[in-house]
Amino acid sequence: MADLTATIAGIVSPNPFWLASAPPTNTYGQVARAFDHGWGGAVWKTIGQPIVNVYSRYGGLDSGTQKLIGLNNIELITDRPIEDNIKEMALVKKRYPKHTLIASLMVETNRDAWHEIVKRTQGETGCDGFELNFGCPHGMSERGMGAAVGQVPEYCQQITEWVKEVSTIPVIVKLTPNVGDILYPARAAKRANADAVSLINTINSLIGVDLDLMAPLPNVKGKGSHGGYCGPAVKPIALNMISAIATDDQAGSLPISGIGGVSTWRDAAEFIALGCDNVQVCTAVMHYGFRIVEDMIEGLSNWMDEKGYKTLADFKGKAAPTVTKWENLSLNHFTRASIDHDKCIGCELCYVACEDGAHQALKLVQKNGRRLVEVKEDMCVGCNLCSLVCPVPDCITMKHIPNGAPDVSWKEFSAGKGTLAERPQHYVDVSTQTEAEAAARSDGTTT
Ligand SMILES: Cc1cc2nc3c(=O)[nH]c(=O)nc-3n(C[C@H](O)[C@H](O)[C@H](O)COP(=O)(O)O)c2cc1C
Ligand code: SF4
Ligand code: SF4
């Protein structure tokens, strides 16, 4: 059976599934219960000068019947006294010595303040590492902390250096995605000798407007504030930033803890395939509870067995080198939609999507008393849209269409190398259409 042991910056956990610093890691009771369910590690809810929270803190984004594809919050760091957090962290570490416990820290930008919290936390909790919260985009950033640090590479570097001066355990820098280019703060962390980075923290957002109150959500007595966005909807943003760091010539050697929309073992495998050493989860646990880790462990383990991966290292970063610039993609690799009419339920969603939203490459035909969607081979540009909207699994698949032409990228072609395979016209020449042909197209009947 696959060995799920995960190591990041020398910190060893029974598996790669950590709880991210957030409400699920607020208390001893929660973290202990999470470890009982199988979580490999937990990053404690950020400690610092305790704050006061507002009531009403979260806003959700639903999609149809799917609740909480995105979650927005205006909560701050822990509102519990430092002493209480430290006592409970020490108890967790004592009772769960094999599980990973990380202390997340955020204090004012002052060397003494950072030295004090680092020394105290490592001395009194027995935690395995630190995570520096340079990411919170709301509230704390207005006070010069969180994202206000993460957005300025010089501050990231400076504070990480202060922490490294006194820390005797690994230091993970948690990055904010609220920047133009994630490489700058990641490189700053590297220059400061951080042991790893974690990303992403939440994305600056305003989740919605209450149209009766005419005020933003979540609502605090008629007013709202921008907050941090997370959950399944942010996963693509996290993956993109992680792949940028993993392949960077300067920051690329930093171990990465991947965060952002991880809800299933498959998500975790994708993060690891792009170069992460482990993953952290917040929204999925806030939605479904600690028990989801059981499926995550089983699913990842089964998949690794199927693929013949014995350890996480066997596939870590395997997909990273395949992420490249657009200019390096082959211009001569053609694909085309193919519809399995035995599976098709005739909903025609693909037809509408392609006709109105893509390349008018599907047609409706009458065959054997059945109305069918067929692909117009010369019009299909292989964009994938029909297969994305089709509700039936594997009903529309994209097939490679060999053209005999050697691959050529834009970079090569624009430098005078290689030739482009001949492309069909793809678009209808309306100037040659009769009135009847044009009318037939626009009312969706067979052309
Ligand atoms: C309500 C809430 C509170 C959070 N508090 C913290 C925090 O105190 N420290 C921190 O580093 N991140 C905090 N986060 C961010 C999460 O740790 C994580 O980076 C983010 O939610 C993305 O992961 P997800 O998509 O799995 O939720 C918080 C997130 C939420 C939803
Ligand atoms: S979307 Fe899928 S199921 Fe619906 S008509 Fe198209 S191929 Fe058939
Ligand atoms: S792949 Fe794109 S162009 Fe081709 S049929 Fe589907 S939606 Fe139309």
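Split the chain at each of the GluC sites (Glu not before Pro) in a DSSP loop with at most 16 other beta carbon atoms within 10 Å, and the longest piece is 109-347. Each of Cys344, Cys276, Cys282, Cys136 has some number of other Cβ atoms within 10 Å of its Cβ, and from fewest to most they run Cys344, Cys282, Cys136, Cys276. Remark: the chain carries a charge dipole of roughly 720 debye about the Cα centre, counting +1 on each Lys and Arg Cβ and -1 on each Asp and Glu Cβ.
Within a straight-line Cα-Cα reach of under 29 Å, Lys93 can be paired with the following lysines, leaving aside sequence neighbours fewer than 8 residues apart in one chain: Lys45, Lys119, Lys164, Lys174, Lys190, Lys310, Lys316. Put simply, the amide H of Ser409, placed in the peptide plane, has neighbours under 5 Å in Leu331, leaving out anything fewer than 5 places away on its chain. For the chain, what does -39500 (n - 2.57) per DSSP helix run (n ≥ 4), summed and divided by total residues, give at 222 nm, in deg cm²/dmol to the nearest 500? That calculation yields -9000 deg cm²/dmol at 222 nm. Comparing Phe271, Phe130, Phe413 in a Gaussian network model of the chain, where Cα atoms under 10 Å apart are tied by springs, the biggest mean-square fluctuation is seen for Phe413. Across the range 326-442, the fraction of Cα-Cα pairs farther apart than 16 Å, rounded to a whole number, is 66%.
Taking springs between alpha-carbon atoms closer than 10 angstrom, which of Pro97, Pro391, Pro185 fluctuates most in the Gaussian network model of the chain? Looking only at Pro97, Pro391, Pro185, the biggest GNM fluctuation is shown by Pro391.
Beyond 27 Å, how much of the Cα-Cα pair distribution for the chain remains, as a whole percent? Counting every Cα pair in the chain, those more than 27 Å apart make up 61 percent.
Using only side-chain charges placed at the Cβ, +1 for Lys and Arg and -1 for Asp and Glu, the dipole size of the range 326-442 relative to its Cα centre rounds to 200 debye.
Comparing Met398, Met89, Met296 in a Gaussian network model of the chain where C-alpha atoms under 10 Å apart are linked, the largest mean-square fluctuation is found at Met398. Two numbers describe the Cα atoms of the range 31-93: Rg and Dmax, which are 15.3, 44 Å.
Just so you know, all these numbers are worked out from the coordinates, no wet-lab data involved. Please read these numbers as outputs of a predicted model, since none were measured by experiment. Counting neighbours? That spans all protein chains shown, and the Cβs are built from the backbone with ideal geometry, glycine included.
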